[in-house]
Amino acid sequence: MRSTYCVAAAAFAVAAFSAAQADETCNSPYISKLIKGQEDYVYVWTLGVEGLGDGSDKLVTVDVNPKSKTYGKVINSVSTGTRAEAHHMGLTDDRRQLWAGGLSENRIWVFDIASDPAKPKLVRTVSDLGDKSGFLGPHTYYALPGRMLVQALSNTKDKGGKTGMALYSNEGKFLAAHAMPTSNGGDGYGYDLAVNPKKNVLLTSSFAGYANYMRPLGELIKDGEAMKNFGNTMVVWDLKALKPQKVLAVPGAPLEIRWSLNPKDNWAITATALTSKLWLVKQDARGEWNAKEVGTIGDPAKIPLPVDISITRDGKGLWVNTFMDGKTHYFDLSNPEAPKQTYEKVTGKQVNMISQSWDGKRVYITSSLLANWDKGGADNEQFIRGFAWNGKELTQKFEVDFAKEKLGRAHHMKLGSRALANKGG
């Protein structure tokens, strides 16, 4: 039994790519309208399950305003009519659109969330990513002024990990492709991206390609050569020129990137999935960017599998979800050179994404990692759970069982508000 569990845990470790900008404190700095009061909705990008409801990927709206009669319940659902391994989404800079996609193909679905925030509408499908860029599996959607920068995980040629970023206008017009560097220490892999406009810096992280992440786990973990095909780098880019400047060695598949939102800070933090470490990317006195291991998440020997992370607005706290043990951790980042865990709680049998409100009083957690890699049997919980956070304890306030509601697997989240209806465009 123990041997079987350890093999399964190791297998799940390779699936750690499913986190990126999930919450209000982790959006692009170019998004002009942040929800600084009580959010009204959480939009959940949901993986379709064959035989469950219509079986398609969909955008689900959950009412999260405690004063509402439908608090904690699903109030809307928009289906794509297909399954494409729904994964992540991102807001445009004017917060009128939500771009979302899947890892198994190249289509990007664009939803209007401004006309009626309670009922998003599918208004456009962008389908030329593969043809125009050669990239496959769009993962991160990041707002730039009037544009969207899309980080892919793979490519259309060999479905390996060599990939890049595609730049689009907010109207869905392809503008340019930027390959991940493969020289000067670059491994060509991509995963997340995040910018610091004041420093003119874009950071990217790395994971693996389609040939790895879409294979059955049993096959993948037995393939020694395939298991070597994971990213171990981060790249520092010139933001304005979109050109790579420096490759940083960050072993263990660095995933989501969070810049401190404190204007006085000049650092970002990430978590490595395969080694369960926290890494700090910081500018030194000479102006050089460097990466440094600064903390450990759980017991790496037990492969807790850190997935999503969420930084507080003051840059002094970090939430970390670990998939395998279903735990949510909180780290004190008062000294980012030495993060200290001050709290942890089991919040599910499997947990993935974590989103927090701007004021830090509410936390939302979803369960799904990836269709083929979620746990089985009774451990295959599919939910969104809402929690209150008083600085000392997480208290669950509601749950939506996505399997019971025949919706699918709950994955990525973004927050919505009635106050943002028909504004800014």
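The values are calculated or read from the model by the stated rules, or taken from the named source; none is laboratory data. Keep in mind that this is a model prediction, so the values were computed, not measured. Please note: Cβ atoms are built from the backbone with ideal geometry, for glycine as well, and neighbour counts cover all protein chains shown. Side chains included, ligands, DNA and RNA excluded: accessible areas come from the protein's heavy atoms. Shrake-Rupley method; radii C 1.70, N 1.55, O 1.52, S 1.80 Å.
Once divided by 2.2 N^0.38 Å, the Cα radius of gyration of the range 113-169 becomes 1.32. Enclosing the Cα atoms of the range 301-357 in their convex hull gives a volume equal to 80 cubic angstrom per residue. In the context of the full set of protein chains, the range 69-162 has a per residue accessible area of 35 Å² (1.4 Å probe). For the set S368, S79, S334, solvent exposure ranked by accessible area (probe 1.4 Å, protein chains only) runs largest to smallest as S334, S79, S368. If the Kirkwood radius is taken over C-alpha pairs of the range 139-288, then at 37 °C and 0.692 mPa s the Stokes-Einstein diffusion coefficient equals 206 µm²/s.
In the context of the full set of protein chains, residues of the range 276-370 present 35 Å² of accessible surface per residue (probe radius 1.4 Å, heavy atoms only).
Just the protein heavy atoms count here, and of the accessible area of the chain at 1.4 Å, carbon and sulfur take up 48 percent. Annotation: average projected area of the range 348-421 is 6.0 square nanometres, based on the convex hull of Cα atoms across all directions.
One equal scatterer on each Cα of the range 67-174, no solvent, Debye formula: the resulting log10 I(q)/I(0) at q = 0.11, 0.13, 0.17 Å⁻¹ is -0.36, -0.49, -0.77. Can you classify the range 227-352 as rounded, prolate or oblate using the Cα gyration tensor, where a ≥ b ≥ c are the square roots of its eigenvalues, rounded means a/c under 1.5, and otherwise it's prolate if a/b beats b/c and oblate if not? Here the range 227-352 falls in the oblate category. In the range 149-204, the convex hull through the Cα atoms has an average projected area of 4.7 nm², a quarter of its surface area. Packing-based ranking of 91-98, 65-72 yields 91-98, 65-72, ordered from highest to lowest mean Cβ neighbour count within 10 Å. Working ranking of peptides 351-358, 145-152 by packing, defined as the average number of other Cβ atoms within 10 Å per residue, highest first, is 351-358, 145-152. What the Cα atoms of the chain give is an Rg and a Dmax of 19.4, 58 Å. Spacing of the modelled spin labels on E393 and L34, each 7 Å from Cα toward Cβ, amounts to 2.9 nm. Cross-link partners among lysines for K345, C-alpha distance below 20 Å, same-chain residues fewer than 8 apart left out? Qualifying lysines at Cα under 20 Å: K277, K302, K316, K327, K361, K375, K392, K397. The Cβ shell under 14 Å around D314 holds other residues with a net charge of +2, Lys and Arg each +1, Asp and Glu each -1.
Here the Gaussian network model covers the chain, with springs between Cα atoms less than 10 Å apart; of A177, A253, A301, A301 fluctuates the most.
When the chain is treated as a GNM with alpha-carbon contacts under 10 Å, the residue of T328, T182, T270 showing the greatest mean-square fluctuation is T182.
Dividing the summed -39500 (n - 2.57) terms of all DSSP H runs of n ≥ 4 by the residue count of the chain sets its mean residue ellipticity at 222 nm at -1500 deg cm²/dmol. With the Cα gyration tensor of the range 203-288 giving a ≥ b ≥ c as the square roots of its eigenvalues, does the rule (a/c under 1.5 for rounded; else a/b larger than b/c for prolate; else oblate) give rounded, prolate or oblate? Prolate, since a/c reaches 1.5 and a/b exceeds b/c. Between D284 and D54, take the C-beta separation as r, use R0 = 41 Å, and let me know the FRET efficiency to the nearest 0.05. Calculated value: 0.15. Taking the Kirkwood radius as Rh and the Cα radius of gyration as Rg, the range 39-113 has a ratio of Rg/Rh equal to 1.00.
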